[in-house]
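First comes the structure, then the notes that go with it.
The values are calculated or read from the model by the stated rules, or taken from the named source; none is laboratory data. For clarity, every value in this text was computed on a predicted model and none was experimentally measured. Methodologically, a virtual Cβ is constructed for each residue, glycine included, from the backbone with ideal geometry; neighbour enumeration extends over all protein chains shown. To get the accessible areas, we keep the full protein, side chains included, count just its heavy atoms, and leave off ligands, DNA and RNA. Shrake-Rupley method; radii C 1.70, N 1.55, O 1.52, S 1.80 Å.
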Amino acid sequence: MSPHQVLSASRPHRRPPALLLVLGLVLGLVVPTVAATPAHAGPVVQTPPYCTSSAFYAPNPANPLIGTNWTLIGSRSNSGHSYRYWMAQEATGSVLYYQSSLVAQCSASDLVSSTTLTATAASGTAYCTSFSDLTSSSVVERYVGQRWVPTRGITPTATFRYWHREWFSYATLTYVYDSSYVARC
């Protein structure tokens with residue numbers, strides 16, 4: 001036997017430390033990822049198409065015979081965003097009753113935010129009689145659109161008129177979105 005064979009046989013075989021370090025890093029990254037993955041995913045919740053549609057139907061999960069019809073009333077744009085105004089009507093049998101209103105802030109086809117709007121009684125005011133912009137100094141309220149619908153309660157029908165409020169920025173010399181308003185007339 002040569003001296004090299006004896007020395008090699010008597011010394012334990014060692015793995016290079018760099019290989020162990022890489023293996024440890026890989027396992028350290030893989031194990032938490034696998035542990036954090038759920039056993040099964042639940043139902044996928046989809047964002048309503050507020051930015052891409054002009055109307056859609058949302059069924060009620062508790063009762064598929066009752067759902068919500070969403071109708072686009074109109075839109076206005078400010079500072080690269082589109083503000084889309086929606087009316088929701090509850091479908092009960094063959095009648096569509098007014099349910100709520102909403103404004104969706106969109107960036108192209110992506111939903112940035114949405115806000116439910118409370119309809120305010122405004123019969124006899126300019127919100128119910130004017131079809132043109134209402135201007136007061138640097139604030140402009142722009143008429144978006146309206147819809148006449150059946151309602152529940154004391155009055156069987158009402159007209160809901162949608163308004164978009166802007167203010168003029170002297171810094172940028174553009175109109176900036178301020179708020180939204182729904183008048184029940």
Search result, residues across region 72-91 that are more than 13 Å from ARG161 (Cα to Cα) and touching a Leu at 6+ places or on another chain (Cβ under 9 Å): ARG84, ALA88, GLN89, GLU90, ALA91
Sort out which residues of region 99-126 are more than 11 Å from the chain's Cα centre (by Cα), small (Gly, Ala, Ser) and surrounded by 16 or more Cβ atoms within 10 Å (Cβ to Cβ), and write them in order of number. SER100, SER101, ALA119, ALA122
Provide a single number: the residues in region 121-144 that are touching a helix residue (DSSP H, G or I) at 6+ places or on another chain (Cβ under 8 Å), assigned to a strand (DSSP E or B) and among the small types (Gly, Ala, Ser). 0
So which of SER94, SER53, SER79 is open to solvent by 50 Å² or more (accessible area, probe 1.4 Å) and within 30 Å of VAL139 (Cα to Cα)? SER79
Restricting region 130-144 to residues that are loosely packed, with under 15 Cβ neighbours inside 10 Å and touching a residue at least 24 places away in the same chain (Cβ under 8 Å), the residue that is farthest from GLU166 (Cα to Cα): SER138
Tell me which residues, restricted to region 83-116, are more than 17 Å from CYS51 (Cβ to Cβ) and in contact with a strand residue (DSSP E or B) (Cβ under 8 Å, 6 or more places away or on another chain). GLN89, GLU90, ALA91, VAL95, LEU96, TYR97, TYR98, GLN99, SER100
Here is a list: ARG76, ARG147. Which entry is in a strand (DSSP E or B) and either under 27 Å from THR174 (Cα atoms) or free of Cβ contacts under 8 Å to residues at least 60 places away in the same chain (or both)? ARG76
Quick test for you: out of ALA104, ALA91, ALA126, ALA122, pick the one residue that is over 18 Å from VAL182 (Cα atoms) and of a type outside the set (D, E, K, R). ALA91
List the number of the failed condition for GLN105; all other conditions in (1) over 16 Å from ARG184 (Cβ atoms); (2) part of a loop (DSSP other than H, G, I, E, B); (3) not hydroxyl-bearing (Ser, Thr, Tyr) hold. (2)
Can you find, within region 150-185, the residue that is nearest to SER114 (Cα to Cα) among those that are open to solvent by 30 Å² or more (accessible area, probe 1.4 Å), assigned to a loop (DSSP other than H, G, I, E, B) and of a type in the set (Ser, Thr, Tyr)? THR172
